[in-house]
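The values are calculated or read from the model by the stated rules, or taken from the named source; none is laboratory data. A quick note: this is a predicted structure, and the numbers were derived from the prediction, not measured. Cβ: placed from backbone, ideal geometry, glycine included. Neighbour counts: every protein chain shown. Surface areas here come from the heavy atoms of the whole protein model, side chains and all, with no ligands, DNA or RNA. Shrake-Rupley method; radii C 1.70, N 1.55, O 1.52, S 1.80 Å.
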Amino acid sequence: MSNKRIIGLDVVRVCAIFFVISVHFFLNSEFNQLYFNNISTFILTCLRWLFFTCIGLFLLLTGFLNKNTHFNRKYVYKLFKVLISYLIIGVICLFFKKFYLNEDITFVRGIINLFNFSANDYAWYVEMYCGLFLIIPFLNILYDNLKTKENKLKLLGVLLVMFSLTSTFKFFYPSVYTINAFSDYWVAGYPVLYFFLGKFLSEFPLKMSRKKLLFMLIFILVFKTGLLFIFNFGQTFPMDIFSGYAGGYYNLFTVLEVVLLFSILVNTKLKNNLFIKAITSISFVSFEMYLFSAVVDKFYYSNIDLQFGNLWNYLINYLISVTVVFIVSYMCALLINKFSRFIYKNCKIIYDLVCDFFGSKFIKIWEALIK
């Protein structure tokens, strides 16, 4: 892959952050109170599942872009880009919660919340990503030593069974009769699955036309929604649809949707320079947008009254709300990212000094222990 920026990857990232904000609109509206009994709910549910590909798209990008990483001092320091932005936004969130939401947050509690990733309501992704980041070099070693496409497909097949099989089978019968088709124990490991899928697609992209990919994506969305209607017709949304078998990012339907949508978007070609600049600018601060949207969501949705009314009314509310949250999050993210990059660049000297001092000490202790 050349060093030239691939605009399709920026398009994927922008789509992912837009979908994140869209999913949170559904979360903050009356969507979960709707009944499975009409075409309006069916259409909205299809849209909701489409937006639900957001996290999978981010993780697939991680695998697609991390080809030649090695575990060393320079690589580990890159993680500080993420952590610095999180800490800045985390502090903002704590002040927002204390002085606007009137939550009882003491100084000690605030420090604890920062370090257990609860300062920001969306920071579970940061907690997950830090772990994934640290094992990426070793996952690359595993993948690269498989050598053949057949062996790499076998790896993906095993991971799909481990992370996706049980939740997918649960689609085909009411949850009250749930019987595990395979262990649920490993489902939380789905980021590894998406990482390897990203690496695989960077090496073996899907060779299908966009029309075929789009048709398959729409078919899966409609089929998935249809199953939910069949087993829950006339009912409101069961809680375990979003917190369990149907709502997991590890579900096979969701995984397929992510792969198809990624393959559609990654080959996007743009010619308008202004549009390209806008896309790259949003892509560059998408992580900060994701975290800061937690503040914007809380403020915005606590000050408006979202009424469903009918499909068109709901869609208009959706477009207005998502546009407002997106723009405000983007503008704030630009400032936060600039401050974060300044800290990141100026902390490198301190980081190197700490590594030189403690690194040599640690190596000596480790060598003494293993003798």
Theoretical FRET efficiency, 1/(1+(r/R0)^6), r = Cβ-Cβ of residue 76 and residue 106, R0 30 Å, to 0.05: 0.40
Spread of Cα-to-Cα distances over 5 Å intervals beginning at zero, given as percent, for the stretch 265-328: 3, 14, 18, 18, 16, 15, 11, 5, 0
Carbon and sulfur %, accessible surface of the chain computed with the full protein complex present, 1.4 Å: 69
Residue-count net charge about residue 279 - beta-carbon cut-off 13 Å; Lys, Arg +1, Asp, Glu -1: +4
Sparse-neighbourhood loop sites, trypsin sites (Lys or Arg not before Pro) in the stretch 242-325 - DSSP loop, at most 13 other Cβ within 10 angstrom: 269, 271
Sites excluded, GluC sites (Glu not before Pro) in DSSP loops with at most 13 other C-beta within 10 Å, longest stretch of the chain: 104-371
Radius ratio Rg over Rh of the stretch 23-71, counting only Cα atoms, Kirkwood formula for Rh: 1.26
Extension gain (nm, one decimal) between residue 311 and residue 278, 0.36 nm per residue minus Cα-Cα: 8.8 nm
Over 24 Å (Cα to Cα) - which of 269/298; 207/269; 98/348 fall in this group: 269/298; 98/348
Unit charges on C-beta of K, R, D, E only; dipole of the chain, Debye: 1580
Ratio Rg/Rh [Cα only; Rh per Kirkwood] for the stretch 1-102: 1.10
Accessible surface, per residue, of the stretch 226-340 when the full set of protein chains is kept, probe 1.4 Å, Å²: 48
Cα-based shape type of the stretch 20-165, given that a ≥ b ≥ c are square roots of the gyration tensor eigenvalues and the cut on a/c is 1.5: oblate
Rule-of-thumb Rg ratio for the stretch 60-126 [Cα; 2.2 N^0.38 Å; N residues]: 1.41
For the chain, alpha-carbon Rg over 2.2 N^0.38 Å: 1.06
